[in-house]
Amino acid sequence: MGSTVDAREIAQFAAIADAWWDEEGAFRPLHRLNPVRLRYIRDRLCAHFGRDPEAPKPLNGLRLVDVGCGGGLLWEPMTRMGATVTGIDAAEEGIAAAKAHAASVGLKIDYRAATAESLVAAGESFDAVISMEVLEHVADVDAFLAACRDLTRPGGALALSTLNRTPKSYLTAIVGAEYVLRWLPRGTHNWKKFIRPSELAAALRRQGLDLADLTGIEYSPLADRFSLGRDLGVNYLAFATRP
């Protein structure tokens, strides 16, 4: 299996790796998104695996992998929910930041500078694969989803998020976030690599995966907050299962 890593994209994120845990820095949008993403992942995994999302450790006993984990923003809270987690990223600088922060708060998390393909080659499998805001940065979406499928055990699940390729997403995620609000460094996103929900659904079907849900992520400028909703026009989440 060839590499799905886009070297230019990895270098771009590596250059700002020391900002991962700065809530007002380059990754400010992800910090603001985190509660919404965590709630979606927790609730979908609990529904799929028959868990109580309000339990103290609702994900206890589940083995999860985050493909493209960056600095580990998702995995510290997921660990506290009881999951056994592995976080992988092709950028060693992001993994170093993730390891350092986990150690500083007393959490033991399996972080590795690795790719999905390398874990597949090693024969690893997980109850669920999580990959947030990664699809729009990979070199080959179909190959990436194939690797994610192979990492998912039969009966397991995948939780994904990405950006829709619409005029609204161009204005919001690129013009607004990168040039006007300066939430992100200019050039973080390439609008041509954004993925329409219909394209993602077709790509999942090609890998033998069943798309169970699509949910939009909406931003309110007045409240300065993100929420889950029906509008898929900019950011959206997807939940799929492997039969």
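The values are calculated or read from the model by the stated rules, or taken from the named source; none is laboratory data. No experiment lies behind these values; they were computed from the predicted model shown. We place every Cβ from the backbone using ideal geometry, glycine too, and count neighbours over all the protein chains shown. Calculation scope for accessible area: heavy atoms of the full protein, side chains included, ligands and nucleic acids excluded. Shrake-Rupley method; radii C 1.70, N 1.55, O 1.52, S 1.80 Å.
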Under 5 Å between amide hydrogens, which residues at least 5 positions from Y111 or on another chain qualify, with H placed 1.01 Å from N in the peptide plane? G87
What FRET efficiency comes out for the pair E24/K168, r = Cβ-Cβ distance, R0 = 22 Å, nearest 0.05? 0.30
Top mean-square fluctuation among V120, V129, V67, Gaussian network model of the chain, C-alpha springs under 10 Å? V120
Counting heavy atoms of the protein chains only and a 1.4 Å probe, report the per residue accessible area for the stretch 40-101 as a whole number of Å². 38 Å²
In a Gaussian network model of the chain with springs linking alpha carbons closer than 10 Å, the residue among P197, P35, P167 that fluctuates most is P167
What whole-number distance in Å separates the alpha-carbon centres of the stretch 105-139 and the stretch 166-243? 20 Å
Express the carbon and sulfur contribution to the solvent-accessible surface of the chain as a percent, rounded to the nearest whole number, probe 1.4 angstrom. 53 percent
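In debye, nearest 20: dipole of the stretch 7-241 around its Cα centre with unit charges on the Cβ of K, R (+) and D, E (-)? Could you put the intermediate results ahead of the total?
On the way: 27 positive and 29 negative charges, 82 e Å.
Dipole magnitude for the stretch 7-241 comes out near 400 debye.
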The stretch 116-243: D in µm²/s via Stokes-Einstein (Kirkwood Rh, Cα pairs, 37 °C, 0.692 mPa s)? 214 µm²/s
I need to check one value: relative contact order of the stretch 56-210, counting alpha carbon pairs closer than 8 Å and at least 6 residues apart, in percent. 19 percent
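Sequence gap of 8 or more, or different chains, plus Cα separation below 28 Å: how many lysine pairs satisfy both in the chain? Don't skip to the end; give the middle numbers.
Details: K57/K99; K57/K108; K99/K108; K168/K192; K168/K193.
Eligible lysine pairs with Cα atoms under 28 Å apart amount to 5.
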In Å², and per residue, what accessible area does the stretch 143-243 have when probed at 1.4 Å with the other protein chains present? 46 Å²
With all protein chains modelled, accessible area of E199 [1.4 Å, Å²]: 70 Å²
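Ordering H48, H31 by how much accessible area each has at a 1.4 Å probe, largest first, what is the list? Kindly include the intermediate steps, with their values, before the conclusion.
Working: H48 70, H31 35 Å².
Order by accessible area, largest first: H48, H31.
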In terms of the ratio Rg/(2.2 N^0.38 Å) built on C-alpha atoms, what value belongs to the chain? 0.94
3J(HN,Hα) from dihedral phi, the stretch 57-71, Karplus parametrisation 6.51/-1.76/1.60, rounded to Hz, x for glycine, proline: 10, x, 9, 4, x, 8, 9, 10, 10, 9, 8, x, 6, x, x
Given a 1.4 Å probe and the protein chains all in place, what does the accessible area of R44 round to, in Å² to the nearest 10? 80 Å²
Build a GNM of the chain with springs between Cα atoms under 10 Å: which of L211, L107, L181 gets the top mean-square fluctuation? L181
Round to the nearest 10 and report in Å² the accessible area of K57, as given by a 1.4 Å probe over the protein chains' heavy atoms. 110 Å²
Cα-centred dipole magnitude for the stretch 161-243, charges only on beta-carbon of K, R (+1) and D, E (-1), debye, nearest 20: 320 debye
What full-extension length gain, to one decimal in nm, is calculated for A55 and R196 as 0.36 nm per residue of separation minus the Cα-Cα distance? 47.3 nm
